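Asks: A single structure is presented below for examination.
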Amino acid sequence: VQSHLPIVVMAGHADSQGTASPGTPGYAVDQQKRAPMQPGIRDELFWNREVQAAVVSQGQARGLNIRAYTPPSISIAKDDDPSTNWSKAKVFSERGEYVLEIHFDAYRPHGFGSGLIPVLPNVRELNVVDESLAQAFGRYPRLFRGGLGGPRRGIGILEIAMLEPPLETKLRDPRSREHTVNCLAERVVNALVQGVS
């Protein structure tokens, strides 16, 4: 890839709260009956946003051509609305930008764990950024679950980890939250830097 590859980072489920696909509530909310991190949204979106912001901040500091995209609403009913992650990603991807969506997977036994779910073969070929992220986080099959909506539109889905202890405990603890988010973001940024280098 070109060294100044434009990279767009999205937060998974940023436009699907209150729909059939709002993201995982996480172990703490679903199993321990704790309050969500922010009323009105799933904990996955809360942490997706936190990591998204840290990845963009750290990435810019390290010289990456990286920016965030955030939909104007947390609940957009139509997938083909021009402001959804999916619609924007299709446009960005078609013009050669690398689109990465941050996710946390469900807790055990529902989740599969960390890894990159890459774009589908008919959208674009795999590149060294995909490979670098897969080396850092693991890899899912390209046709995972028959091909997800995001990868069909040029989005690489990065499952950071399952939203469960001990990671979720460190994220929720105010004393370790910032450090934990920054460590996760650094792992993403290191992989992106290696990919474009």
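The values are calculated or read from the model by the stated rules, or taken from the named source; none is laboratory data. Bear in mind that the values here come from a model prediction, so they are computed numbers and not experimental data. Quick reminder, even Gly has a Cβ in these numbers, built from the backbone with ideal geometry, and neighbours come from all protein chains shown. With ligands, DNA and RNA removed, areas are computed over all heavy atoms of the protein, side chains included. Shrake-Rupley method; radii C 1.70, N 1.55, O 1.52, S 1.80 Å.
Asks: Under 24 Å from R172 (Cα atoms) and out of contact with any helix residue (DSSP H, G or I) (no Cβ under 8 Å at 6 or more places or on another chain), is that true of F112?
Replies: Yes.
Asks: Is it the case, given these coordinates, that F112 is under 17 Å from the mean Cα position of the chain (by Cα), farther than 23 Å from N182 by Cβ, surrounded by fewer than 19 Cβ atoms within 10 Å (Cβ to Cβ) and of a type in the set (A, V, I, L, M, F, W, C)? Spell out the reasoning first.
Replies: Working: under 17 Å from the mean Cα position of the chain (by Cα): yes; farther than 23 Å from N182 by Cβ: yes; surrounded by fewer than 19 Cβ atoms within 10 Å (Cβ to Cβ): yes; of a type in the set (A, V, I, L, M, F, W, C): yes.
Spelling it out, F112 is indeed under 17 Å from the mean Cα position of the chain (by Cα), farther than 23 Å from N182 by Cβ, surrounded by fewer than 19 Cβ atoms within 10 Å (Cβ to Cβ) and of a type in the set (A, V, I, L, M, F, W, C).
Asks: How many of the residues making up segment 8-32 are open to solvent by 30 Å² or more (accessible area, probe 1.4 Å), in contact (Cβ under 8 Å) with a residue 12 or more places away in the chain and touching a His at 6+ places or on another chain (Cβ under 8 Å)?
Replies: Number satisfying all stated conditions: 1.
Asks: Taking segment 120-155 only, how many residues are without any contact (Cβ under 8 Å) to a residue 24 or more places away in the chain and open to solvent by less than 60 Å² (accessible area, probe 1.4 Å)?
Replies: 2
Asks: Keeping to segment 180-197, report how many residues are more than 20 Å from E44 (Cβ to Cβ) and open to solvent by 60 Å² or more (accessible area, probe 1.4 Å).
Replies: Residues in segment 180-197 being more than 20 Å from E44 (Cβ to Cβ) and open to solvent by 60 Å² or more (accessible area, probe 1.4 Å): 4 in total.
Asks: Now a separate question. In segment 132-189, what count of residues is obtained for those that are hydroxyl-bearing (S, T, Y) and within 22 Å of I7 (Cα to Cα)?
Replies: Going through segment 132-189 one residue at a time, the tally reaches 2.
Asks: Considering only residues that are open to solvent by 80 Å² or more (accessible area, probe 1.4 Å) and modelled with pLDDT of 95 or more, look in segment 55-81 and name the one that is farthest from A134 (Cα to Cα).
Replies: Here the residue is P72.
Asks: While we're here: Just the residues that are over 28 Å from Q2 (Cβ atoms) and part of a helix (DSSP H, G or I), please, taken from segment 50-83.
Replies: Across segment 50-83, the qualifying residue is only E50.
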